[in-house]
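The values are calculated or read from the model by the stated rules, or taken from the named source; none is laboratory data. What you see is a predicted model, and the numbers here were worked out from it, not measured in a lab. FYI the Cβ positions are ideal-geometry reconstructions off the backbone, even for glycines, and counts take in every protein chain you see. What goes into the accessible areas is simple: the full protein's heavy atoms, side chains included, and nothing from ligands, DNA or RNA. Shrake-Rupley method; radii C 1.70, N 1.55, O 1.52, S 1.80 Å.
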Amino acid sequence: MKTAHIFAATAFAASIATTATAEKWDMALAYSATNYHSEIAAEFAAEVTANAADLEIVTHPSGSLFSGGEIFNAVRRGLTPIGERLVSALGNDDAIFEIDSIPFLATSFADARKLYNATKPILEETLDESRVHLLYSCPWPPQGFYSAGPVASPADLEGLKFRAYNATTSRFAEELGMVPTTIEAAELAQAFATGVAESMISSGSTGFDRKLWEHVGHYYDVKAWLPRNMVIVNQGTWDGLDDETRGVIETAAANAEDKCWARAEELDGFYTEQFTENGMTVGELTPELRAAFEEVGSTLRAAWLERAGDKGQAALDAFNAAE
Ligand code: PCA
């Protein structure tokens with residue numbers, strides 16, 4: 001009897017201790033644990049956990065908590081308090097989310113940063129309508145074209161099975177006669193291995209993460225745009241925090257953002273070197289293909305402006321006026 005009593009008392013004490021420990025946030029990430037976006041998210045989570053009085057953040061990479069396509073709604077609906085999402089994949093919610101993927105608008109890290117800084121207030125207002133709060137945003141390296149075989153002219157692209165990650169990449173492919181299918185980065189290697197995909201537009205980073213040299217022979221360094229990820233928090237959760245915790249998160253977010261932009265730029269050249277070392281051919285598009293890509297770029301840019309309307313024009317004006 002006595003033992004049972006002690007056991008019950010210990011269990012009770014343990015349950016009190018559990019209630020008194022920090023609140024835990026599960027952070028949903030779509031990309032692999034070793035990708036720099038995920039590594040920096042983990043550093044961000046560790047910094048918050050170390051400095052906040054009552055909050056622990058735990059990251060879940062590779063879409064293990066929610067897949068990329070689910071993360072925005074999961075955070076919006078409070079199914080999980082925090083997550084990371086590719087901004088331009090939300091174009092169906094609002095065309096303004098696609099501004100970083102307008103072909104050939106901002107093609108260097110410096111211009112991508114200028115675009116981000118100039119359009120951040122518009123992005124924040126738009127996210128606010130979904131009751132989502134922006135913490136930080138970080139780019140992927142410039143987007144290139146992957147192809148199983150060599151391509152030299154638009155005719156070579158006809159009918160290629162193309163892996164898309166947002167509406168812009170899908171439309172890009174369609175305009176060039178390719179056949180797009182949307183596939184998460186986490187499913188990429190399998191899609192190329194099974195022939196579901198034989199081409200895509202993405203950064204060297206994603207091809208490296210997924211060892212695409214095992215399936216794809218060619219990488220063309222197009223530098224079409226630099227899409228960004230963003231880390232977001234459910235607005236209700238954010239509003240419920242005390243000022244001190246909010247301050248800790250904001251500091252960690254600012255640190256993560258700066259580190260992440262620098263890391264992306266540092267790694268850019270490394271990825272293409274790895275392609276060459278692993279037997280891929282890395283080069284530029286032929287002038288003929290480059291012209292075709294640029295023509296599709298201007299078509300998509302005009303179509304975007306039509307959908308994004310005055311808000312889109314205001315965002316472009318802010319970018320053009322920025323130093
Ligand atoms: N990698 C992500 C999005 C952009 C990028 O460079 C992907 O391919 O899914």
- Query: Do any residues in segment 27-48 that are within 16 Å of the ligand (Cβ to nearest atom) have Cβ atoms under 7 Å from those of residues that are of a type in the set (Val, Ile, Thr), where the two are at least six apart or on different chains, and which pairs are they?
  - Reply: ALA28/ILE71; ALA28/THR80; LEU29/THR59; ALA30/ILE71; SER38/THR59; ALA41/THR59; ALA41/VAL231
- Flagged in segment 228-248 as out of contact with any Pro (no Cβ under 9 Å at 6 or more places or on another chain) and either closer than 30 Å to GLY204 by Cα or aromatic (Phe, Trp, Tyr) (or both), in numbering order, are MET230, VAL231, ILE232
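Of all residues being touching a residue at least 60 places away in the same chain (Cβ under 8 Å) and part of a loop (DSSP other than H, G, I, E, B) in segment 49-76, which is surrounded by the fewest Cβ atoms within 10 Å (Cβ to Cβ)? Just the residue, please. Spell out the reasoning first.
Filtering segment 49-76 down to residues touching a residue at least 60 places away in the same chain (Cβ under 8 Å) leaves 51-55, 62-63, 67-69, 72, 75-76.
Still in the list and also part of a loop (DSSP other than H, G, I, E, B): 52-54, 62-63, 67.
Values: ALA52: 21, ALA53: 9, ASP54: 12, SER62: 19, GLY63: 20, SER67: 16.
Taking the candidates together, the pick is ALA53.
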- Query: Among all residue pairs at least 6 apart or on different chains, which show Cβ distances below 8 Å where the first residue, located in segment 284-306, is over 13 Å from LEU157 (Cα atoms) and free of Cβ contacts under 8 Å to residues at least 60 places away in the same chain and the second is in a helix (DSSP H, G or I) and open to solvent by 40 Å² or more (accessible area, probe 1.4 Å)?
  - Reply: LEU305/GLN313
- Task: Kindly provide the set of residues from segment 182-203 that are under 14 Å from TYR146 (Cα atoms) and among the polar types (S, T, N, Q), ordered by number.
- Result: SER199, SER202, SER203
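Right, ALA173: part of a loop (DSSP other than H, G, I, E, B), touching a strand residue (DSSP E or B) at 6+ places or on another chain (Cβ under 9 Å) and free of Cβ contacts under 8 Å to residues at least 60 places away in the same chain or not?
Judged against the criteria, ALA173 is not a match.
This table checks each residue for (1) more than 15 Å from the ligand (Cβ to nearest atom); (2) part of a helix (DSSP H, G or I); (3) closer than 30 Å to TYR271 by Cα.
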{"residue": "ALA106", "(1), (2), (3)": "no, no, yes"}
{"residue": "ASP111", "(1), (2), (3)": "yes, yes, yes"}
{"residue": "ALA118", "(1), (2), (3)": "yes, yes, yes"}
{"residue": "PRO121", "(1), (2), (3)": "yes, yes, no"}
{"residue": "LEU127", "(1), (2), (3)": "yes, yes, no"}
{"residue": "LEU134", "(1), (2), (3)": "yes, no, yes"}
{"residue": "PRO141", "(1), (2), (3)": "no, no, yes"}
{"residue": "PHE145", "(1), (2), (3)": "no, no, yes"}
- Message: Suppose we keep only residues that are near the ligand (Cβ under 10 Å from one of its atoms) and in contact (Cβ under 8 Å) with a residue 24 or more places away in the chain within segment 183-195. Which one would you say is surrounded by the most Cβ atoms within 10 Å (Cβ to Cβ)?
- Response: LEU188
- Query: If ASP156 satisfies every condition in (1) under 30 Å from CYS260 (Cα atoms); (2) away from the ligand (no atom under 15 Å from the Cβ) but one, which is the exception?
  - Reply: (1)
- In segment 117-129, the residues that are surrounded by 17 or more Cβ atoms within 10 Å (Cβ to Cβ) and either within 30 Å of GLY279 (Cα to Cα) or out of contact with any Leu (no Cβ under 8 Å at 6 or more places or on another chain) (or both): ALA118, THR119, ILE122, THR126
